[in-house]
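Asker: So that we are looking at the same thing, I have put the structure below in C-alpha cells.
Derivation of every value follows stated rules applied to the coordinates shown; laboratory data play no part. What you are looking at is a predicted structure, and each value in this text was computed from that prediction instead of being measured. Note that each Cβ is placed from the backbone with ideal geometry, even for glycine, and that neighbours are counted across all protein chains shown.
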Amino acid sequence: MSEGSQYTGITSPRSFCTLRPYYPVKSKERIPVPVPSLGKKPLTKIGFQIFVPEIDVTDDRTWFWRYGIDLPEIFVPLWQVLANEETLRKTSSEGLHDFLGFNGRIFLSMVMPDELIDKLSLEDYFRLINDLRPDATMIPDNYTYVDDPLFLSWSQTVKLVSLANDFLKLDVPLIGLVKGANPLQIDWAIRKQVEMGYVSFAMPARELFEDNLLEDLLPGAIMSLQWVSKKTKTSFELLIYGVGHRLKHKDINGYSNLSWFLEAKHGFYYKNGWSYDLRDPEIRFEECNCEVCKGLMPQEIIDIMLSDRELGLKTLILHNLLDMKRALAGGR
Ligand SMILES: [Zn+2]
C-alpha cells in the first residue's frame, strides 16, 4: 500500500476555469463550445454602389442630399442612433427614411465601439431594426483582436456566426461580415455565412488599415470568397467599410466611409482621393470643376470660410464627398 496525495493537473477542466470548453479531452466536466445548427435562407445581393457614403445621423452637415447631391445609398451607423436619446426617440418613431428625408436606400451599419456590442441583446437588435426600417442591415459586429489569446477570438467568431443565424429570422435584406483575428477564423466565418445563404459581405477595415494589418487579412478573405464562390457556383460581393482609399485588389465591389466629412472638419481637401491641407501650395490655386465648386479654387474656399465659416465648410464637405466618389470609381 502506498500513501500520498492526489493532484489534479492544470490541464484538467476544473469548474472555475474559463478555458474549460476548449479542453481537448472529452470528459463530463467539459462543455464543448456550442456551434449552432445553422438555418438557410435564399438571400439576394445588395448590389453595392462603388461608394456608399457613411453619414452621421446626429450631424446634418453630412446629409448631402439636402444640398442637391444625388447619391443613391448610405450607411447609417446604429451606434450613433443609440448615442443620443433624442435621436433614438425620433428615428425610432419616424423610421430612418422619414427622419433623414432620404429617398435612397439606407443600410444599417453594426460596426460599433466594443463597449456597446455587449450591451445589445438579440431582442434589442430586432426591435431597433423593426423601428428604424432600413433597406438592409449588417449582422451584429463582434470584437476580434489579432493579439488576443485565440480562444477569445474563436468564441467571438462562433458568436458572430450564431447571430448571423438568428438574423435569418428578420424580414430585411442582410449583409454578412468578414471578421476574424486570423485567416482561419475569417475563412470559417465566411463559409458558415455562405452555408446560411449570405451573398453580400462587408469587411470592417478601419482599425486594421490604421494598424497596418489590413493587407495581412484582406487577401485571404478575398481568396476564401473566391474559393467558396467556385465551390457553390454563387457570386458574392464585398464592401470595405471604414477606409477612404481605393485598395489594389480586384473583387472589391464597394467602399463606405465617413472620411470625406471628418477630413473636411479638419480643413483637409481631397484631390483624386488624396487629402491635402487647404493651404497646400500644390493644390491651393487649382480650380475644381465638380458640381459643388463650379470652378472654385481651395483658396476661394478659404476666403468663403473667413466670411462665413459654415458655408465654406459645407462647400469643402460636399467637394470631398464628390472627389471621393470619383476617386473610388476610378477606372470604372
Ligand atoms: Zn470640387
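Asker: Let me know the whole percent of all Cα-Cα pairs from segment 60-257 that are separated by more than 32 Å.
Answerer: Result: 14 percent of Cα pairs exceed 32 Å.
Asker: Using a Gaussian network model of the chain with C-alpha springs under 10 Å, which one of Gly180, Gly101, Gly267 is most mobile by mean-square fluctuation?
Answerer: Its mean-square fluctuation being the largest, the pick is Gly101.
Asker: Now for a different question. Please find the FRET efficiency linking Leu150 to Asp70, where r is the Cβ-Cβ separation and R0 is fixed at 30 Å, and quote it to the nearest 0.05.
Answerer: 0.05
Asker: Now for a different question. Given a 10 angstrom Cα cut-off, can you work out which residue in Val178, Val158, Val111 is the most mobile in a GNM of the chain?
Answerer: Greatest mean-square fluctuation among the candidates belongs to Val158.
Asker: Cut-off 10 angstrom, C-alpha nodes, Gaussian network model of the chain. Which of Asn142, Asn253, Asn289 fluctuates the most?
Answerer: Comparing Asn142, Asn253, Asn289 in a Gaussian network model of the chain, the most mobile one is Asn289.
Asker: Quick one: helix 183-196 against the long Cα principal axis of the chain, what's the angle to the nearest 10°, folded into 0 to 90?
Answerer: So the inclination is approximately 90 degrees.
Asker: I would also like to ask the following. In terms of modelled amide H atoms, which long-range or inter-chain residues lie less than 5 Å from the amide H of Leu177?
Answerer: Close amide H contacts, sequence-distant or interchain: Ile139, Ala202.
Asker: Here is a further query. Among Tyr125, Tyr276, which comes first, second and so on when ranked by fewest other beta-carbon atoms within 10 Å?
Answerer: Exposure proxy ranking, most exposed first: Tyr276, Tyr125.
Asker: Take Glu54, Glu263, Glu287 and order them by how many other Cβ atoms sit within 10 Å, fewest up front.
Answerer: With the fewest neighbours first, Glu54, Glu263, Glu287 line up as Glu287, Glu263, Glu54.
Asker: So, one more: Where the Cα atoms of the chain are projected onto their three principal axes, how long is each span, largest first, in whole Å?
Answerer: 97, 43, 43
Asker: For Leu238, list long-range residues whose amide hydrogen, built 1.01 Å from N in the peptide plane, is under 5 Å from its own amide hydrogen.
Answerer: Answer set, sorted by chain and number: Phe201, Asn253, Gly254.
Asker: Mind putting a number on the dipole of segment 60-257 about its Cα centre? Charges go on the C-beta only, +1 for Lys and Arg and -1 for Asp and Glu, and I need it in Debye to the nearest 20.
Answerer: Charge dipole, segment 60-257, about its Cα centre: 720 debye, nearest 20.
Asker: Test of understanding: ordering Lys179, Lys230, Lys28 by Cβ neighbours within 10 Å, fewest first, what list do you get?
Answerer: Lys28, Lys230, Lys179
Asker: Separate question: From the P(r) of segment 176-283, can you give the percent of Cα pairs sitting at distances over 21 Å?
Answerer: When all Cα pairs of segment 176-283 are counted, 41 percent exceed 21 Å.
Asker: On a 18 Å Cα-Cα criterion, which of the cross-link pairs Lys41/Lys119; Lys41/Lys169; Lys41/Lys179 come out too long?
Answerer: From Lys41/Lys119; Lys41/Lys169; Lys41/Lys179, over 18 Å: Lys41/Lys119; Lys41/Lys179.
Asker: Add -39500 (n - 2.57) for each DSSP H run of 4 or more in the chain, then divide by its residues: what number comes out at 222 nm, to the nearest 500 deg cm²/dmol?
Answerer: The helix contribution divided over the chain gives -11500 deg cm²/dmol.
Asker: Place a +1 charge on the Cβ of each Lys and Arg in segment 265-328 and a -1 charge on the Cβ of each Asp and Glu, then give the dipole magnitude about the Cα centre in debye, rounded to the nearest 20.
Answerer: 220
Asker: Please list the non-local residues whose amide H lies under 5 Å from the amide H of Phe51, H modeled 1.01 Å from N, same-chain partners needing a gap of 5 or more.
Answerer: The list, which skips near neighbours in sequence, is Tyr255.
Asker: Sticking with this one: Note down the relative contact order for the chain as a percent, whole number, built from C-alpha pairs under 8 angstrom at least six residues apart.
Answerer: About 15 percent, as a whole number.
Asker: Sticking with this one: Restricting the count to DSSP beta bridges whose residues both fall in the chain, what percent are antiparallel, rounded to a multiple of 5?
Answerer: Antiparallel bridges make up about 15 percent of those DSSP assigns within the chain.
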